[in-house]
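Reading through the structure tokens given below for one structure.
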Amino acid sequence: MDNSLEISETPHLRVRGLNVYYNGHHALKNISLDIPDKKITAIIGPSGCGKSTLLRTFNRLIDTIEGVKVKGEVMIDGVNIYDPKVEVTAIRRKMGLLSQRPCPLPMSIFDNVAYGPRIHGERGRQNLRNIVESNLRHVGLWEEVQDRLHKPASELSIGQQQRLCLARGLAVEPEIILGDESTSALDPVSSKKVEERFLELKNEYTIILVTHILRQAKRLADYVVFLYMGELIEHGPAAELFANPKESLTREYLTGIIS
Amino acid sequence: MNWRKIEEEFFLVMMRLASLLILAAFLAIMGTVIYYGLPALSWEMIFSAPKGGFYLGKEGGVANAIVGTFYLACGATIVSLIIGLPVTLVLNVFLKRGSKLAEFIRFSFDVLWGVPSIVYGAFGFTLMLYMGMRASLLWGIITVALVVLPAMCRAIDEVMRMIPGELQDASLSVGANKCETAFKVFARQALPGIVTATLISFGRAAGDAAAVLFTTGFTDAVPTSLAEPAATLPLAIFFQLGTPFPEVQQRAYASALILTALILLVSIAARLTGSRLSKYVIK
Amino acid sequence: MASLRKIKERLTCSAMMMLTIASGLLLFVISLGLLLRSREILEMKPIMELLTSSVWKPGRGEFGFWPFIAGSLWVTLLSALLAVPVSLLCAVYLSEYASRTVRAIAGPVLDMLSGIPSVVFGIWGVLALVPLVKDYIAPMTGRFSSGYTVLTAGIVLAVMIVPLIVHVALSVLRSVGNDLRDASLSVGATRWQTVKLVVLRKAVPGLAAAVVLGISRAFGETMAVIMVAGNVAKAPKGLLSPAYPLPALIANNYGEMLSIPLYDSALMFAAFLLLAVVIIFNIAARLILKKMENIR
């Protein structure tokens, strides 16, 4: 398939020999894979298989947990992010995170989006206003909130909050968007809106989603990674992997024998 | 009526009696303070300092102690907030989740919380003598700040521990560092808790007597600088109740009423403000 | 720009870490400070003699702490005896039986009771309890008493520690899962049987910790006790004799501690003794509570 050829040629994120130990428990076992550029990659697998852990190693949020040891390399733009010389905040800036439950910061809608740019030194009022507007438009929230930008973010509905969080992530101009079960706390309508954003955004960003909903992976993903008990069982272009999985474990998972 | 019904009824009566007994004790204390304090209260009592010595002089009021208590409690609360807020932010943001050091420090605050104020007083006194200084408002503030620090930290920490980990993730993942996350996000999310903790600590500081006894001294004058000794309401009660003169004892009664009213007001304020300030708080 | 931000973070970060470590060491520093100050007397006298001798004559260099230790034990144990049953009954009532309205009243009342400063408890003791003991209770036993007695101090302390015990006991009882109560009720147990056989059994260690915390609070309480205990340096013989607990000893005599040789060291030893007991009690109670799902 020419599609698969294109994918393997331009990886955005390279993982090589990645091992994660959590208080002696071997949570991720020797994982090597390439995440394609400007595509949606879905990480699937039964709960507790290490999906979220893998995602958290990509932006080093895994550092905030006591007793975790990471071995191996995660390369982005040719730089190993676990290199001690690397600036963590710069790495994290390259990746927007959309967590499971929407998590607005305790401030106004405007300040939520402006939070990242301000931290990275943007002070101009007009610039900030432009950044906020364009990113809120980007996630389709501008129309809904433009006349109450300075109201607390906590007053938005859950679905709106999740899109606000997406806008907040985009405002620091990341290259990659990480989604950790980003729709699982939302109602079907909001869920659909967020999925539509993902499909639009993949033209500009590399998107990595963790999901336990197989159908969502089928709807969105160009590339699929299947994890089981901390091991990388199979990965490949979505169409191929869903149509004829090579490994029996993958087949069993896809047909619902293991879950 | 079978036996198990009788048993239940018996214990229910006992439980109600016990609860009523506690209520009665509370009312008795308030009643005593009001019964003796109210007749002793007057403008002169509130606005003038004792004349002719607090132990012997029959004229004047307790303005020295009111002002002293206010200075001391404000000072001690501010100092302990300046120490306590960074410490709780470190516990909840800087240290990793499940950190052993954080666990140890939380435990040590739990234990410190149980240390009686006289021990802090003796320690502060020792330190003060070691530095060759004398009892003053400054030393009172330092010592009482230590007394209220554990309560302050525990109260703020309790609120910060409730903050979900995702909030920290959200801030870090746009490239904020830990400092920015701590002060811009955590401190803001915990604001209602911080205000409540501050008010609780203020109440404790205002009511403390044992630590103040060693380090703050007592004087008839209204304090004008940190280096002077200062009078406080609890000690005004303690010293003036023991005199043989009824006129002086009046000052103790009035002090008790003022102090109790102050502390109850602060405690009610703590309950109310907690809910008022939660506008930006994410639930 | 970026490097300035980084330097700022480094500085704040290390300052805050230092503050945290320092406050973590506070307990240790206080203990060490008091221990160093009491070294002088510990070098002069064997510790057993200090603890068990009853002769307290600082002017002649005789420092027997027994009267004060005995005084502390009397008032503390009496207060526990009075406060524990009342507090536990009240806690069980509030957690298992009380209506919403009762709880809404009880919460603030307990809060306010625990917020009342100890001198105010003291003034209540002096104005209300001392005359009661002197004029009514002592004459009933046919004895004369000044009213400043172990009994008075015990009652005042009991009222002071009730809110603490109730508070901790309540959080312990709340930590017992509702599924456990449901399970018991659904096999046809009455509410009291459920409380007695399931809830209390599960809560026993935590309730014990609540009691230990209460006792340790009573043991260290100073101002209220000093005002009502009588302060006679003799081991009490009964409920109606005066007592002179350790905290009262320290607070009453710090003024002249520098004028008599060894006196300062003796008083700091008393403070250290107090601290040691309180630390042991608190550590024990906190460890139990930590085991029970992190109750504070």
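The values are calculated or read from the model by the stated rules, or taken from the named source; none is laboratory data. None of these values were measured; they are calculated from a predicted model. Cβ placement follows ideal geometry from the backbone for every residue including glycine, while neighbour counts extend to all protein chains displayed. Keep in mind that these areas ignore ligands, DNA and RNA; they rest on the heavy atoms of the full protein, side chains included. Shrake-Rupley method; radii C 1.70, N 1.55, O 1.52, S 1.80 Å.
Charge dipole (Cα centre; +1 on Lys/Arg Cβ, -1 on Asp/Glu Cβ; no other charges) of segment C:129-201 amounts to roughly 100 debye.
What you get for segment C:158-296, charging only the Cβ of Lys and Arg (+1) and of Asp and Glu (-1), is a dipole of about 600 debye around the Cα centre.
For the peptides B:154-162, C:232-240, the ranking by mean Cβ contacts within 10 Å, running from highest to lowest, is B:154-162, C:232-240.
Cross-link candidates for C:Lys290: which aspartates and glutamates have Cα within less than 12 Å, leaving aside residues fewer than 8 places away along the same chain? Counting by Cα, and skipping residues close in sequence, C:Lys290 has these aspartates and glutamates nearby: B:Glu103, B:Asp110. Label sites at A:Thr10 and A:Arg148, each approximated as a point 7 angstrom past Cα along Cα to Cβ, lie 4.2 nm apart.
Taking the DSSP beta bridges with both ends in the protein assembly as shown, the antiparallel portion is around 60 percent.
Toward the positive end of the charge dipole of chain C, with +1 on the Cβ of Lys and Arg and -1 on the Cβ of Asp and Glu, the farthest Cα among C:Ala106, C:Gly64, C:Tyr136 is that of C:Ala106. Taking every alpha-carbon pair under 8 Å whose residues sit at least 6 apart, chain B reaches a relative contact order of 28 percent. Counting only lysines at least 8 places from C:Lys234 when in the same chain, those with an alpha carbon closer than 30 Å to its own are C:Lys45, C:Lys57, C:Lys134.
Sparse packing (at most 14 other Cβ atoms within 10 Å of the Cβ) combined with a DSSP loop state is found for the following chymotrypsin sites (Phe, Trp or Tyr not before Pro) in segment C:57-163: C:Phe144.
If R0 is 22 Å, the Cβ-Cβ spacing of B:Glu247 and C:Glu256 corresponds to a FRET efficiency of close to 0.20. Which longest run of chain A has no exposed loop site in it, a site being trypsin sites (Lys or Arg not before Pro) in a DSSP loop with at most 14 other beta carbons within 10 Å, and the site itself not part of the run? Counting only loop sites that pass the neighbour cut-off, the longest clear stretch is A:124-245.
Taking a quarter of the surface of the Cα convex hull of segment B:1-133 gives a mean projected area of 17.0 nm². Roughly what % of Cα-Cα distances in segment B:43-280 sit above 32 Å, to the whole percent? Within segment B:43-280, distances greater than 32 Å cover 30 percent of Cα pairs. What whole number of Å gives the distance from the Cα centroid of segment C:175-195 to the Cα centroid of segment C:216-295? Each part reduced to its Cα centre gives a spacing of 42 Å. Between C and B, roughly 7100 Å² of accessible area is buried in total, ligands, DNA and RNA not counted and the probe set to 1.4 Å. Note on segment C:158-212: Cα convex hull, mean projected area over all directions, 3.8 nm². Accessible area per residue was computed with a 1.4 Å probe on protein heavy atoms; B:Glu180 scores about 30 Å². What the Cβ-Cβ distance of A:Asn127 and B:Phe47 gives, at R0 = 45 Å and to the nearest 0.05, is a FRET efficiency of 0.20. Taking the C-alpha atoms only, the angle from helix A:188-201 to the longest principal axis of chain A is near 80 degrees. Scanning residues 5 or more positions from A:Tyr228 or on other chains, those with amide H under 5 Å from its amide H are A:Ile233, with H placed 1.01 Å from N in the peptide plane. Taking every alpha-carbon pair under 8 Å whose residues sit at least 6 apart, chain C reaches a relative contact order of 27 percent.
Using a cutoff of 8 angstrom between alpha carbon atoms and counting only pairs six or more residues apart, the relative contact order for segment A:125-259 works out to 16 percent.
In summary, the helical segments of chain B meeting the span-like criteria, namely a full DSSP H run, a Cα extent along the axis of 15 angstrom or more and a mean Kyte-Doolittle hydropathy of at least 0.0, are B:3-40, B:63-89, B:100-113, B:117-130, B:137-162, B:191-207, B:246-276.
In the protein assembly as shown, the calculated helix contribution to ellipticity at 222 nm averages -19000 deg cm²/dmol per residue, counting -39,500 (n - 2.57) for every DSSP H run with n ≥ 4.
With axes computed from alpha carbons, what is the tilt in degrees of helix A:109-119 against the longest principal axis of chain A, rounded to the nearest 10 within 0 to 90? Taking the Cα atoms of chain A, the angle to A:109-119 is about 70 degrees. When the solvent-accessible area of segment B:43-280 is split by element, carbon and sulfur atoms take up 70 percent of it, the probe being 1.4 Å. Long hydrophobic helices in chain C, taken as whole DSSP H segments with a C-alpha length of 15 Å or more on their own axis and mean Kyte-Doolittle hydropathy at least 0.5: C:2-44, C:66-92, C:100-115, C:150-175, C:200-220, C:263-291. Buried between A and B is an accessible area of approximately 2600 Å², summed over both sides with a 1.4 Å probe.
Keeping all protein chains in position, work out how much accessible area C:Leu132 exposes to a 1.4 Å probe, and write it in Å² to the nearest 10. For C:Leu132, the solvent-accessible surface is approximately 70 Å². Of the Cα atoms belonging to the protein assembly as shown, the radius of gyration and Dmax stand at 32.2, 108 Å.
With a Förster radius of 25 Å applied to the C-beta separation of A:Asn23 and C:Ser175, the computed FRET efficiency comes to 0.50. Shielding by partners for peptide B:245-254, expressed as the average number of C-beta atoms from other protein chains within 10 Å of each residue's C-beta, is 1.
The alpha carbon centroids of segment C:104-137 and segment A:141-202 are separated by 57 Å. Distance between the modelled labels on A:Ala185 and C:Arg201, one decimal in nanometres: 3.9 nm (7 Å Cα→Cβ projection). The lysines whose alpha-carbon is closer than 18 Å to the alpha-carbon of B:Lys184, local same-chain residues fewer than 8 away aside, are A:Lys151, B:Lys279, B:Lys283, C:Lys6, C:Lys8.
Bridges between two residues of chain A, per DSSP, are antiparallel at a rate of about 60%. For segment B:114-180 and segment A:106-124, what is the centre-to-centre distance using only Cα atoms, to the nearest Å? Answer, in whole Å: 30. A:Met75 sits with roughly 40 Å² accessible to a 1.4 Å probe, with DNA, RNA and ligands left out of the calculation.
Normalised by 2.2 N^0.38 Å, where N is the number of residues, the C-alpha radius of gyration of segment A:134-259 stands at 1.22.
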